[in-house]
1. I'd like to know if the stretch 160-181 contains one or more residues that are touching a Gly at 6+ places or on another chain (Cβ under 9 Å), aliphatic (A, V, I, L, M) and within 12 Å of the ligand (Cβ to nearest atom).
2. Would you point out the residue of the stretch 407-440, among those that are outside any loop (DSSP other than H, G, I, E, B) and open to solvent by 60 Å² or more (accessible area, probe 1.4 Å), that is modelled with the highest pLDDT?
3. May I ask you to list pairs of residues, at least six apart or on different chains, whose Cβ atoms are under 7 Å apart, with the first in the stretch 82-99 being assigned by TED's automatic domain parsing to the domain that holds SER170 and outside any strand (DSSP E or B) and the second being of a type in the set (Lys, Arg) and surrounded by fewer than 17 Cβ atoms within 10 Å (Cβ to Cβ)?
4. Can you list residue pairs whose Cβ atoms sit under 8 Å apart, with the first residue in the stretch 288-315 being not assigned by TED's automatic domain parsing to the domain that holds LEU401 and the second being part of a helix (DSSP H, G or I) and within 11 Å of the ligand (Cβ to nearest atom)? Count only pairs 6 or more apart in sequence or on different chains.
5. Just to be sure before I move on: is SER52 hydroxyl-bearing (Ser, Thr, Tyr) and either at positive phi or not in a strand (DSSP E or B) (or both) in the structure I sent?
6. If I ask for residues that are near the ligand (Cβ under 6 Å from one of its atoms), of a type outside the set (A, V, I, L, M, F, W, C) and open to solvent by less than 30 Å² (accessible area, probe 1.4 Å), which ones from the stretch 186-205 would you list?
7. Tell me, please, whether a residue that is over 22 Å from ILE257 (Cβ atoms) and either within 12 Å of the ligand (Cβ to nearest atom) or not assigned by TED's automatic domain parsing to the domain that holds PRO84 (or both) can be found in the stretch 212-224.
8. Does LEU269 qualify as being in a helix (DSSP H, G or I), over 28 Å from VAL384 (Cβ atoms), open to solvent by 10 Å² or more (accessible area, probe 1.4 Å) and touching a residue at least 60 places away in the same chain (Cβ under 8 Å)?
Amino acid sequence: MKMSQSVAHPYVVYSTPSGDVGERRSLRAVDADGVPLTPRDLLPLPEGASLSMLPQRLAVGLDAAGARRGVPAARGWALAALLPIGYTRTRLPGYEKIPETEPLPFFGYTAVAGWRGRLYAAAVRTDDPACWLPRIYDRQRLERLVRERLAAEPENRVLAHHAHCALDYSCPTASNLFFRRWEGAVAVSAGCNARCVGCISKQEEEGLVSPQDRLLFLPTLEEIVETGVAHLEQAPDAIYSFGQGCEGEPLLQARLIERAIRAMRARTLRGTININTNASNPRALQRLYEAGLDSLRASTISARHETYTAYYRPIGYTFADVKRSLLLAREAGVYSSINLLCFPGLIDCEEEIEALVSFLHETGVRLVQMRNLNIDPEVLWPRVPRPSSRPLGIPALIETLRREAPEVEIGNFSRPVGPRFPTGAADAAPPLTPVAPTAQ
Ligand code: SF4
């Protein structure tokens, strides 16, 4: 792609029919709300980012007179970036949709622009991407490691399932099981007690397709423990994480996980046992805390009941249960973080930011993991009400969190916090306060 150097503003780029990146330097690049992108909003397209054509969507921008113009369809379609872990999207891509067009697949589309001969994305760096860059997941080596491991453990269905995720979805945490390093995945639950609008493993509505298959079997205790002990024992900065994108809600298998934690901790005191969860069941989590769980990551899109309920469509629990689970984690000394599903125009609205700051203070969460929500804006908005206050921008959200909750770290992935009971004294720990039903 040859881009002209001498243009005063970030300009429109698009995907040509042959898949190249085209430019329209006479058009000023804009975001989904038609707001021009300025150099301050942009950073060079980071290593590990990929570009995504937005089919049936015209690239749009502003001409010299400030009028909105589109790039003809014959020239190509709008373009977006998909960011690597370590970067948080700040603006959604601007485009003009051809009527009656299919929704976009579930990915985290980010606004892009051309500027001084290079491609830029509307994003901020929020964590160190080093352990997540695609180039360190060498494909040939991964295939060999998978082959060897599955040959050595042919009966282990957990490994076979995550081999599929590693090779077919390039999932870093599944791949790490085979590279024997960092955060490794373990999926255990086919069912879920939520119906998230943007669920990546199961979509019920006609015309919406989840990008990943959901686990279809119930692993045995042995399969979970053997995979876990091997990972905790051998991986540097080992984290063994229940709750993956390829399953439902792990807490539906809380009893199995409780037994697995006790069995693993009976064999190794190394590494971190973590759960990624919708934190819907404080009682079940209390049992995992007592069993020796080291850390938890609770998923949320908001600290406001209305927004949470509209997005998660919970079955048999409420946002109050999520908060209770985090309060109990603090009481138990379990390191807690939230997986904050970030969508510009939603989480960065004044009332959402205020609620989030109070939520962090109340629950004692230690880390906010910024997660670019993978969804077509035109799938989200009809299902999740826009907050009444105006969006301040994702940079303002981050700035406010840093100012108002300086004790809370901001990042993009879980930390190897290590074993809560380094001497293996989980069983000796005094039982925690019995959990009363959550006041709704
Ligand atoms: S909690 Fe997870 S598995 Fe369940 S619906 Fe939401 S995204 Fe899907």
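The values are calculated or read from the model by the stated rules, or taken from the named source; none is laboratory data. Please read all numbers here as calculations on a predicted model, not as lab measurements. Backbone-built Cβ (ideal geometry, glycine too); neighbour counts: all protein chains shown. In case anyone asks, the SASA skips ligands and DNA or RNA and just uses the protein heavy atoms, side chains included. Shrake-Rupley method; radii C 1.70, N 1.55, O 1.52, S 1.80 Å.
1. no
2. Here is the first cut: in the stretch 407-440, the residues outside any loop (DSSP other than H, G, I, E, B) are 409-411, 426-428.
Subset that is open to solvent by 60 Å² or more (accessible area, probe 1.4 Å): 409, 427-428.
Numbers: GLU409: 98, ASP427: 53, ALA428: 53.
Top of the filtered list is GLU409.
3. From the stretch 82-99, no pairs qualify.
4. Hits for this filter: zero, empty list.
5. Values: hydroxyl-bearing (Ser, Thr, Tyr): yes; either at positive phi or not in a strand (DSSP E or B) (or both): no.
Judged against the criteria, SER52 is not a match.
6. The answer is SER201, and nothing else.
7. Residues of the stretch 212-224 that are over 22 Å from ILE257 (Cβ atoms), as a first pass: none.
Taking every residue of the stretch 212-224 in turn, none turns out to be over 22 Å from ILE257 (Cβ atoms) and either within 12 Å of the ligand (Cβ to nearest atom) or not assigned by TED's automatic domain parsing to the domain that holds PRO84 (or both).
8. Values: in a helix (DSSP H, G or I): no; over 28 Å from VAL384 (Cβ atoms): yes; open to solvent by 10 Å² or more (accessible area, probe 1.4 Å): yes; touching a residue at least 60 places away in the same chain (Cβ under 8 Å): yes.
No: the conditions fail for LEU269.
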